[in-house]
Amino acid sequence: MRKKIKNQKLESKMTDKNSRSREGKLCILIFVFLLGLCGCRLVNYFKREKPPYDAELYESYNQTELKVSGASDVLATIHEPEYELLSQSKSVVASFGQKKGGYKSWFNIVTFDENKLTAKRKYFFIVDEKSKGLPYVPKRRLRFESRMVMESEVLDEPYANQNARRIAILRQVLANFHRDVDEVKADNKKLDTCRMLINQTLETILQELYESPVLASKLTSAEGVDFDHITLGKGCISMNVVGDIVDVNVRISSFAGKFEDPFSLDR
């Protein structure tokens, strides 16, 4: 009887061992399948983020002061030679960087007043395919910010109402951005690729505002205006106008909903 019980326990242990072995093999097969499906992007997900960090990339944008910072001030902070390429024209400076594998790209662009020689427009952009949440599948997220001295003819135009004014200002922000990238895109075609992605994003937002102008009233709220991007997913935009200074903030995917947080460190 004791021998029979002993054999049953032995068989039970062997069954548990075989079960764990099958589960382990199944996990390996699933991982191999996902690795084949997503390739290097999945591998990059599990790797610890390396410099430059998002917060560091944002620093040069944050340190540039409109109507104050000159070319020497901007050049001292906008470019990290180890990670970025610098492009310049007569009035525009652009720094562009990209992670190995191309899953993450970013830029800082500053435009100067040709008469006063101080910054009058600045832009920050980052697109990242390294997902920060579940499931563990690469997912693109995007952030775009701009701050500019808006043309007086746009601000002083007699509009039908405040919503029409806000929409017109946002349209001019996009037009100014196109003009500034045109100054340096010949030197770096990847800047133009980023420009097209931002254009698609802002045009999506503008189309929603044209269809429902009342949404523009939420641009200045803490939550901003929610929108759905055709390829990137859910996002939000805010816009504030103080005097002749216009701030636009666009965030998509895991960047969305963090307007009060300058940048979550991704260390």
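The values are calculated or read from the model by the stated rules, or taken from the named source; none is laboratory data. Computed from a prediction, not measured in an experiment: that's the story for all the values here. Neighbour counts are summed over all protein chains in view; Cβ atoms, including those assigned to glycine, are modelled from backbone coordinates with ideal geometry.
Based on what the data block shows, is Leu215 under 20 Å from the mean Cα position of the chain (by Cα) and in the same structural domain as Arg143 (by TED's automatic domain parsing)? Criteria not met by Leu215.
Here's the yes/no breakdown for (1) crowded, with 19+ Cβ neighbours inside 10 Å; (2) small (Gly, Ala, Ser):
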| site | (1), (2) |
| --- | --- |
| Lys104 | yes, no |
| Asn108 | yes, no |
| Asn163 | no, no |
| Ala186 | no, yes |
